[in-house]
Amino acid sequence: MAKELFAGQKNNRYRILISKEAISKKNLTPLLKEHKKTLIISDDGVPTTILNKVISVSKPSTKVFKIILQHGEKAKSVQNFQKILNFLAEKNFDRTDLIIAVGGGVIGDISGYVASSYLRGIQFIQIPTTLLSQVDSSVGGKTAINIAAGKNLVGAFYNPKGVIIETSVLKTLPQREFKAGLAEVIKYALIKNKPLFSLLKLNAKKILSMDPHIIEEIIYASIKTKAKIVTKDEKENGIRAILNFGHTFGHAIEAHGNYKSILHGEAVAKGMKVASKISYLENLISQKEYTEVISLLEMFEFDLSLKQYKYEELKPYIFRDKKVRKGKLNIVLLNKISNAVVSNSFNTANLQKGLKT
Ligand code: NAD
C-alpha cells in the first residue's frame, strides 16, 4: 500500500507518495488536472519506459511537452537553464502550467530552479528515479544549477507541488549509483533516526540485494526524517544544517577529484567517517560508538580509505564550503549515534587528525 508523508509549511505544504507503482493515473490526475500544459524534463540516462509511463498517465489531463537533456552533472548548466526557459516561452507556458522532473537529483535540481524562475514561479512535481533523489534531493525544496565558480552556487528554495516516489524504477539503476544513494540513508540514521540505524544494521544484506520491501521502508524512514527537518527550517537557518553531516568533507573530496572520480554518496561516506572521527576526538562520542558507525558504513561496502587525500590539498575546498559563516567553519558532528550537532568551536587540529584515519 502507498505510504504518504507531508513536508512544507502552510500554502507550500506538499504530499510525498511512496509505493512500488506510484506513477499512476490515480496519483497523478489530481495534481495535473488544473494545468493545461505540462513540460516533462528528463535526461537520456533515465530509461524510456519510466518516461513513457509518466507521459501516458499524464494524458489527457494535460497537454504534454518534453525536454530530454544529456545525462550527467553538466546538465545543471546555465545554458540548459536558458534553453528550458526559452522553450517554455516559445510554447506560451503561463503561470497556471506545470513542470514535471523525471530523473535523479540533477534533473530535480535544474527543473526546480527553472520552475522557481520562469514567470517568477510556476508549479512543479518531482518524480525522482535514483535512490539518492528518492531519499534526499526530491524533498526539501533546494533547487540549483552550477556555474564555473562552483557546484550549486545558483539556486533557490522552492517547494514542489508534490513528490511521487515509485520504488520499482530503481530496478534499472546501476549498483554503484544505488549504493551511493545508501550513504544518504545512513546519514539520516546517524543524525536523527535510531530505528533506521537498527533497521540498516539488521538488513544490510537484504538492502544490498535490493529487496523491494526493505527498500521501501528505508526510503520512507529517510524521507520522514528529512521532511520533519526541512519543514521546521525551510531555508537552513538552524536545524536543517545537520543534513550536511559528512558533506563538508565529502564535497571537498568530490571537488578535489574534479567531480569525476567519485560519486557524491561515495564521497559523503568518507566524509561521515571523518566527521565521526572528529566527534570522537572532541570527546563527543565514545570509541565504541565510533566503531559502530564505521562498521555500519563497512556493512554497506563503502570504500572508506582516505590515504589519497592530503589535508593541505582538501583544506581550500573545506573552507570554501557554503557552511563557512563569518569566517568560521561550521561542521556537523555526532554527540551520540542518531544525534547530530553543529559546531564551530572544535579544535582545528582535530580536522587534520580526522582526515588521517
Ligand atoms: P543523477 O541525477 O546524475 O543520476 C545518476 C544517473 O542515473 C544519471 O546518468 C541518470 O540518467 C541515471 N538514472 C536516473 N534514473 C535511473 C533509473 N531509474 N535507472 C537507470 N538509470 C537512471 O544523480 P543523482 O545521484 O540522482 O543526483 C545527484 C545530484 O543531486 C547532484 O547534482 C547533487 O548536487 C544533487 N543533490 C541535490 C540535493 C537537493 O537537496 N536538492 C540533495 C542531494 C544531491
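The values are calculated or read from the model by the stated rules, or taken from the named source; none is laboratory data. Since this is a predicted model, take the numbers as computed values, not measurements. Every residue, glycine among them, receives a Cβ derived from its backbone with ideal geometry; neighbour counts consider all protein chains shown. Areas reflect the complete protein model, heavy atoms only, side chains present, ligands, DNA and RNA absent. Shrake-Rupley method; radii C 1.70, N 1.55, O 1.52, S 1.80 Å.
Per the conditions (1) on the phi > 0 side of the Ramachandran plot; (2) polar (S, T, N, Q); (3) part of a helix (DSSP H, G or I), the sole criterion not satisfied by Asn283 is (3).
Of the residues making up segment 36-56, just one is under 12 Å from Gly103 (Cβ atoms), of a type in the set (D, E, K, R) and open to solvent by 40 Å² or more (accessible area, probe 1.4 Å), namely Asp44. Take Ser276 and tell me if it is closer than 27 Å to Asn193 by Cα, open to solvent by less than 50 Å² (accessible area, probe 1.4 Å) and not in a strand (DSSP E or B). Considered against the rule, which asks whether it is closer than 27 Å to Asn193 by Cα, open to solvent by less than 50 Å² (accessible area, probe 1.4 Å) and not in a strand (DSSP E or B), Ser276 comes out as yes. Checked against (1) open to solvent by 70 Å² or more (accessible area, probe 1.4 Å); (2) more than 21 Å from Ser137 (Cβ to Cβ); (3) modelled with pLDDT of 95 or more, Ala89 passes all but condition (1). Looking at this structure, is Ile110 open to solvent by less than 10 Å² (accessible area, probe 1.4 Å) and either more than 20 Å from Leu170 (Cβ to Cβ) or assigned to a loop (DSSP other than H, G, I, E, B) (or both)? Yes; evaluated as a whole, the condition is true for this residue.
For segment 58-101, a residue qualifies if it is part of a helix (DSSP H, G or I), among the aliphatic types (A, V, I, L, M) and touching a helix residue (DSSP H, G or I) at 6+ places or on another chain (Cβ under 9 Å), and the qualifying residues are Ala75, Ile84, Leu85, Leu88, Ala89. Do the conditions hold for Ser209, that is, is it open to solvent by 10 Å² or more (accessible area, probe 1.4 Å), within 15 Å of the ligand (Cβ to nearest atom) and of a type outside the set (A, V, I, L, M)? Taking the combined requirement at face value, the residue does not satisfy it. Has segment 304-316 got any residue that is assigned to a loop (DSSP other than H, G, I, E, B), among the basic types (Lys, Arg) and surrounded by fewer than 16 Cβ atoms within 10 Å (Cβ to Cβ)? So far as segment 304-316 goes, yes, one or more of its residues are assigned to a loop (DSSP other than H, G, I, E, B), among the basic types (Lys, Arg) and surrounded by fewer than 16 Cβ atoms within 10 Å (Cβ to Cβ). Checked against (1) open to solvent by 30 Å² or more (accessible area, probe 1.4 Å); (2) within 19 Å of the chain's Cα centre (by Cα); (3) more than 20 Å from Tyr14 (Cα to Cα); (4) more than 14 Å from the ligand (Cβ to nearest atom), Lys194 passes all but a single condition, namely (2). Is one or more of the residues making up segment 170-188 within 10 Å of the ligand (Cβ to nearest atom), of a type in the set (D, E, K, R), closer than 20 Å to His264 by Cβ and crowded, with 24+ Cβ neighbours inside 10 Å? Yes, the conditions are met somewhere in segment 170-188. Candidates in segment 128-167 are the residues that are more than 9 Å from the ligand (Cβ to nearest atom) and among the hydroxyl-bearing types (Ser, Thr, Tyr); of these, the one that is least open to solvent (accessible area, probe 1.4 Å) is Thr167.
The requirement of being assigned to a loop (DSSP other than H, G, I, E, B) and at pLDDT below 95 is fulfilled nowhere in segment 239-250; no residue meets it.
Tally time: how many residues in segment 1-20 are closer than 29 Å to Lys235 by Cβ and part of a strand (DSSP E or B)? Residues meeting the conditions: 10.
Within segment 221-262, being open to solvent by less than 20 Å² (accessible area, probe 1.4 Å) and among the acidic types (Asp, Glu) holds for Asp233, Glu254. Checked against the criterion of being within 16 Å of the ligand (Cβ to nearest atom), in a strand (DSSP E or B) and at pLDDT 95 or above, the candidates Ile41, Ile23, Ile55, Ile50 yield just one match: Ile41.
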